[in-house]
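To keep things clear, I will list the structure first and then write my remarks on it.
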Amino acid sequence: MTRRISRRGALAGIGLAVGSAGCAGRARNIAGREGSSQLVLEIRTTPADEDPNGIRIARALAENLDAVGIDARVETMNGTDLHRTVLLNHDFDVYVGQYTEVLPFDPDVLYGLTHSRFTAEAGWQNPFGFTDLDVDELLEKQRAAGGPDRSEVVSELQRSVCEKQPFTVVAFPDALAAARTDRFVGWETGPPISASGLLGMDYVDEGTEDDGEPVTLRLATTDGRISVNRNPIAAEYRRYGTFMSMLYDRLAIADDGTSVPWLARGWEWLGPETLELELRESTWHDGEPLTAADVAFTYAFLRDTSMGNAETPVPAPQFRGRGSIVESALPVDDSTVRLVVDETDEAVAERALQVPILPKHVWSERAEPATVGGFEFDIETTEALVTANEKPVGSGPVRFVESTPGERVVFERNPDHFLARDGSADAESVDDGVSAEDAGSDGDRTDSTAETGGGRSLPERFLGKPAFDRLEVAVVGSDVEAVQWVADGYADGTASNLGPDSVPRIGRESDTRLVSTRSAAFYYVGYNARRAPLSNPRFRGIVASLLDKATVVDDAFAGYARPASSPLAASTEWVPDDLEWDADRDADPVHPFRGEDGSVDVAEAREALREIGYRFDESDRLLARDQ
Amino acid sequence: MNPLLPVVTSVLFWVAAMCLVAGVAIVGPRRLYGVGGNLVPYLRESRREVAVLLVVLVVSGVGRPALQSVSEVFGLRLTGAILALEGDFVAWLQGNFQSPRLTLYFSSIYVFGYAFLLVFPFIAYAALPRSTTLKRLIVAYTLNYALGLVLYTVVLAYGPRNVMPDAVTSLLYTFNPNFQTLTGEVNVETNVFPSLHTSLSVTVATFAALTREEYPAWTPIAWWIAGSVVVSTMYLGIHWLTDVVFGTALALGCVYAAYRYVDPDEEDGSDGTEPDDGESDDGESDDAEPDETEPESWETNA
């Protein structure tokens, strides 16, 4: 029987060993080998006040990892810190987060999230550092393939992603909100935490308010970032981009799963690779006219925020995936722009139109390297990425008025916006169901919403909107407090996630209703594939199987969510049968939970880890190389 | 429009009411009457200390966002370490003792009782014939706030209710969400280490013990409220046990330092002019009477 000596003991012995020359080489051979110790995984997420669900997922996962022999530690940090460390600095092991799009999205989302070409970039583009040749190939193929072929490729892509687990989809939450309907109605037509939801709402005029008072929609949110920073491309400050989408117009918006012309009146394919868009007449909030040059600038800017000033391009940390669809953008005249895309499916190309259009005259000055007190810190950081953009100049249906950091932010209706203009003149004819041509001919303006483009016209519910003169967003401490504000009449609705502590409270308050709409912004566990052992897809697969999604949905979401395996589960038409949630067993179809009712089958999980080559010490701790 | 004003109004009302009742009962009408005469000269004597306290309060009020940013970038993130150190103590406390009555009691203690506990000593010690104790109290408060501010900046940690919502309910804010509007004005959620509720309460309790000769009735009351505040910070899921332990240590250190810094003999020599009107001995004789009736009459107001 040989007695084992700890590594430290061995090192202490080296001093003696080197005394005798023959032993020196042997001592080096032993002590020079790196030792192993228990694997430590830090799970980062936001605190319960900021988001009541993420922390519960992190806790459930940590508990099961601990049971299996991994030292899992949950570290809470606010949303800005979380995004900064994860998305920008890639300094994390595991994190629990929520995807940014509330409305169902095109499968091309996966291109930005998982393509290996983005691993070195900072931002929402592949924060996981996931690199897989097969996935890359499928991502390229789904862009190019059209029609039924694309569906097949997308199915294959999902299978590959689900198997390799760059991130683990946990559940698609219901977007919950507490709302009063005495002043505003229409909360359920779109998620109230989305721009289209807020724009679609109607005001109930009961004549009770003073005529001089502006009609104000008051929201309460736990996410105070909008009161601090209004930079549409600063990934660390944005969540769903709800208010950004109201400040900055996009060429097209997603509505009911298709692209609807927005700032673009319509578009036309000039060939398989060229898309020509006609812009609506529009002005920036500072009075400057919006032209095709701004559109062309925006696409170039998202690709390289230094506009060629830096030695290497400094891409934007948001909208990079969809921005990458556009090869180049050229203004034809003031109101016409041509986008050159690779040979892509039309739906993919239309997704490229969903980026916020930025004013060239404001952002071109921000292409310089960022400085603090006159010093440049990093050649890879431009002013555009770090500016707080406190007074945003957009072209959208609302414009910024004022804010108090950490407390509130106020916006107002933009009367010059095409929604407001068209609402006043053309709304009636459109409401009556008059065809597009008629509506176009009865107006004396060249700018009419009714003209079709990309197959669809502006949805009626947006015409003449927004229904409010002012939009006040108050920052509160927690979901419970937000609900109470609504119940007490200090706010009309909540605009951040509600958790299991706040939902029952809504039922107890007489004037407050629970509004529930489906959300595509899935919760997920992200892994840093740059770090061992998370670089091992088999290991990630086992971690995924230690999270009981069904139990999490019951406990953390109080049932207001649906567990899922595929990130595209909100767009059911894309999900193949074999990736749909297994309703019979209530289990994940790819990495089913190893255990029952939330408690893990430790022996089985350890056996699975041993099978893929991991070892445990005598205290059943999973060993990993010292990092 | 937000719920801050009604909450602040109710806190002010209850604290004023409690101070009035406690003032009459503990300090006694005669000495209480003397507060008016003492206050200005005492504060003038302690102007340096008062000025420093105000500076600290202003810095913590105005500079908090800046210090918070510093904390976010450079601060030690100790949430995980604290959790590893003490485990599920707070969850255990809530799990075993939670009841609607206790929640009502501890929520009231945390907001109203604590505010009263902090304000009342000013009145009581201003009624004393010498300014020494008041000065010491001011110094101790200042040290608590100043060191608390430094530690808040150095350490970035979230409380149990934010970290283990599955096991610890945020009882104060589910009891009355508007309290969060109030506490949100005063502090941010990453400032949990150490617990200033604990340290200031223990400071007051320690002073109460040291001045039991002057106010024998105040000592048990102060201890009861301070003890309740300390428990409430954990019962309500706001603080860790670790925060409470360090808060207590901070309090004892601050009181010790305050006693070292303000020396009664030195004061006698330096003041000269003012304090003789308060020197009379009748203050001493008053304090024995009221102690029997006190705890009860206070409870009804809490």
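Some notes on this structure:
- Cα long-axis angle, helix B:196-210 against chain B (0 to 90 degrees, to the nearest 10): 30 degrees
- Taken over the Cα atoms of the protein assembly as shown, the convex hull encloses 230 Å³ per residue.
- With all protein chains kept in place, the per residue accessible area of the protein assembly as shown amounts to 41 square angstrom at a probe of 1.4 angstrom.
- Burial here means at least 40 square angstrom less accessible surface with every protein chain in place than with the chain by itself, probed at 1.4 Å; in the stretch B:160-176 the buried residues are B:Asn162, B:Val163, B:Pro165, B:Asp166, B:Thr174.
- For the chain pair B and A, the buried solvent-accessible surface (1.4 Å probe, both sides summed) amounts to about 2200 Å².
- With 10 Å bins from 0: P(r) over the stretch B:45-132, alpha-carbon pairs, percent: 12, 20, 30, 28, 10
- Solvent-accessible area lost in complex, 30 Å² minimum, residues of the stretch A:29-58 relative to chain alone, 1.4 Å: A:Pro47, A:Ala48, A:Asp49, A:Arg56
- Counting only alpha carbon atoms, the long axis of helix B:218-235 and the longest principal axis of chain B meet at about 10°.
- Nearest-ten-degree value, helix B:132-154 long axis tilted from longest Cα axis of chain B: 20 degrees
- Peptide B:183-189 has a mean shielding of 3, counted as Cβ atoms of other protein chains within 10 Å of each residue's Cβ.
- Sum of -39500 (n - 2.57) over DSSP H runs of 4+, divided by residues of the protein assembly as shown (222 nm, nearest 500): -12500 deg cm²/dmol
- 25 Å tail of the calculated P(r), the stretch B:4-301, as % of Cα pairs: 50 percent
- Surface composition of the stretch B:4-301: carbon and sulfur make up 67 percent of the accessible area, probe 1.4 Å.
- With each label modelled as a point 7 angstrom along the Cα→C-beta vector, the B:Asn187-B:Val21 pair spans 2.6 nm.
- With the simple model of a label 7 Å out from the Cα in the direction of the Cβ, B:Gln98 to A:Asp91 spans 3.6 nm.
- Number of partner chain Cβ atoms within 10 Å, mean per residue of A:71-80: 5
- A simple spin-label model places pseudo-atoms 7 Å from Cα toward Cβ; at A:Asp617 and A:Ser37 they are separated by 0.9 nm.
- Extension reserve of the A:Thr312-A:Arg625 stretch, reckoned as 0.36 nm per residue once the Cα distance is removed: 109.2 nm
- Excluding exposed DSSP-loop trypsin sites (Lys or Arg not before Pro) (at most 16 other C-beta within 10 Å), longest clean stretch of chain A: A:34-444
The values are calculated or read from the model by the stated rules, or taken from the named source; none is laboratory data. Note that the coordinates shown come from a computational prediction; the quantities given were computed from them, not determined experimentally. Neighbour counts are summed over all protein chains in view; Cβ atoms, including those assigned to glycine, are modelled from backbone coordinates with ideal geometry. Calculation scope for accessible area: heavy atoms of the full protein, side chains included, ligands and nucleic acids excluded. Shrake-Rupley method; radii C 1.70, N 1.55, O 1.52, S 1.80 Å.
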